[in-house]
Each structure stands twice: as structure tokens, then as C-alpha cells.
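Asks: Sharing a structure with you now.
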Amino acid sequence: MNSEEIMKLLQEVKEDKVSVAEGLAKIKEGTYHDLGYAKIDTNRESRVGYPEVIYCAGKTVEQVKGIVEFMLTKNNNILGTRATYEMFEAVKEISDAAEYNASARTITIKNKEINKPDSYIAIVTAGTSDMPVAEEAAVTAELLGNRVEKVIDVGVAGIHRLFDKLEVIRGAKVVIVVAGMEGALVSVVGGLIDKPVIAVPTSVGYGTSFGGITALLAMLNSCASGVSVVNIDNGFGAGYLASMINKL
């Protein structure tokens, strides 16, 4: 149950339209919905501020469609990550509002507007190859009600490109830096700004990048203060955390 549903139920209990026992039963029923193959956390938005997000990888097309179909009854904004186009086509059958971002591999359904703060999130990538992860972060942050400014392809191999965009980066309340290879851009950005930096290592790079582990370790060992690191290719996690910081 979301906050509006809980408030309505409490009002009905107060006005003796619903008994206390019935109200308690409805609240217990409203904590999650069991589809058999998934237990949807219907109470998550009222508990943590954001509704449940669907991680589509590993699920069948029909499972994703079934989860979305139930979530549509709650009138929440819906986000599915690591989704295939086939999954999107199935979701499109039940919601004309569904949109697919091929780069981010996300399905989004916007059912309601969210008030955006005046501040914004900057997303900075070292290279164009890091864009899919950056797009996942951007889609996540935007759907959660944030303004996003992107600064693309400003890695350390041509660091003058970064300096040209410092005004935009410094103006953000929180900065996401997405980088593969050796992950050096995070330390550079962290040493130039007075805002929190969320580092996202990507699996972009040749052999000894070890699928993003080299960038991950470099970011974890950054000498720049104020840098935190999420998992390899985890644009969603970065976008979600940046949203929480931007709305403090």
C-alpha cells in the first residue's frame, strides 16, 4: 500500500466504515503481492520513498509482463532494468505509455509527475563506450524525479575536454562519474569539485581491465576524498543513490 492508500484506510477506520480488524488485515495484505514466481513489494514506496524496480535479466518475457501488469494497478512510475526489446514489446501490449531505451536497456512507464528539486545531477563519462551505463543512471535518476546534465567523453586521454565542462559539473549537487579502462577520471574529478562523487566502474577495456575489476580497484583506492563507489556497470545503483542525495 502506498501512503495515499494507507491514509484513506486509516480515515475509513476512524469513521467506523472499516473495523480495526479489517483494517489490520488490509495492511497485512498490502505489504506484498504473490504472483507465484515473484513477490512484489507493494509497500516499498511508502517505506523507502521509491517503488520497487524490476531487474529483468534472468526473468522470462511473460514474467516481466506479469509483474508490470500488476504494478500498473498501483499507478506508480515503473522502471525495468536490463530489459530486452522483446520484453518491451510484451509490456507495450498492456501499456501504451511504455518506453524503451536501447542503450540503457530500460523499460519505463511514467504514470505520474514527480516534483523535481531545483538542483541537478551531473553524469560524466570517460568515453563514449561508457554511455550504456551512464544512460541507465540517467534514466533511473530522471524517472525518480531529478534533472540530469550529461558530460560525455571527457576522459584523461584528452583531459582538456573535461576542463571545458567544469562549470556544469561544479554546479551539480552530486556527480556520477562513469569510467572503464583504468578508471582514472574519478580521481581527477574528485580533486576538482566540492560535491559528492559516485564512481561507476564499467567493464569497458582490454584484457587487463579484467571486465571492470581494474577500474573498480582504482576507484576504491582513489586518493580524492568524497568519492564512493558502486558495483561494476551498476548505473542503476548510482542513479538511485544520486537521487537520494539530490533530494536531501
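Asks: Quick check for me: using +1 on Lys/Arg Cβ and -1 on Asp/Glu Cβ, what's the dipole size of the chain about its Cα centre, in debye to the nearest 20?
Replies: 460
Asks: Then there's this: Using only Cα atoms, what is the ratio of the radius of gyration of the chain to 2.2 N^0.38 Å?
Replies: So the chain has a normalised radius of gyration of 1.14.
Asks: Calculate, in whole percent, how much of the Cα-Cα pair population of the stretch 31-109 lies beyond 18 Å.
Replies: Roughly 34 percent, rounded to a whole number.
Asks: So in the chain, what percent of DSSP beta bridges are antiparallel if you round to the nearest 5?
Replies: 30
Asks: Right, here's the next one. Sort the following peptides by mean Cβ neighbour count (other Cβ atoms within 10 Å, averaged over residues), highest first: 117-125, 70-78.
Replies: 117-125, 70-78
Asks: When you take every Cα atom in the stretch 120-246, what is the radius of gyration, and what is Dmax, the widest Cα pair distance, in Å?
Replies: 12.7, 38
Asks: Quick one: work out the % antiparallel among DSSP beta bridges in the stretch 31-109, nearest 5.
Replies: DSSP beta bridges in the stretch 31-109 are roughly 80 percent antiparallel.
Asks: Report ³J(HN,Hα) in whole Hz for each residue of the stretch 158-169, in order, from the Karplus equation J = 6.51 cos²θ - 1.76 cosθ + 1.60 where θ = phi - 60°; Gly and Pro get x.
Replies: After applying 6.51 cos²θ - 1.76 cosθ + 1.60, I find x, 5, 4, 5, 5, 4, 5, 10, 4, 4, 5, 5 Hz.
Asks: Let me ask something additional. Find how much the distance from Glu62 to His160 grows on full extension, using 0.36 nm per residue of separation minus their present alpha carbon separation; answer in nm with one decimal.
Replies: Difference between extended and current length: 30.4 nm.
Asks: So for the stretch 54-188, what are the equivalent ellipsoid semi-axes in whole Å, largest first, each being the square root of 5 times an eigenvalue of the Cα gyration tensor?
Replies: That gives 32, 18, 9 Å for the three semi-axes.
Asks: Then there's this: Based on the Cβ-Cβ distance from Glu93 to Met7, what FRET efficiency comes out when R0 is 45 Å, to the nearest 0.05?
Replies: Using R0 = 45 Å, I get an efficiency of 0.85.
Asks: Here's a follow-up. Sequence gap at least 6, Cα distance under 8 Å: using those rules, report the relative contact order of the chain to the nearest whole percent.
Replies: 13
No value in this document is a laboratory result; all are computed from the given coordinates. What you see is a predicted model, and the numbers here were worked out from it, not measured in a lab. Neighbour counts are summed over all protein chains in view; Cβ atoms, including those assigned to glycine, are modelled from backbone coordinates with ideal geometry.
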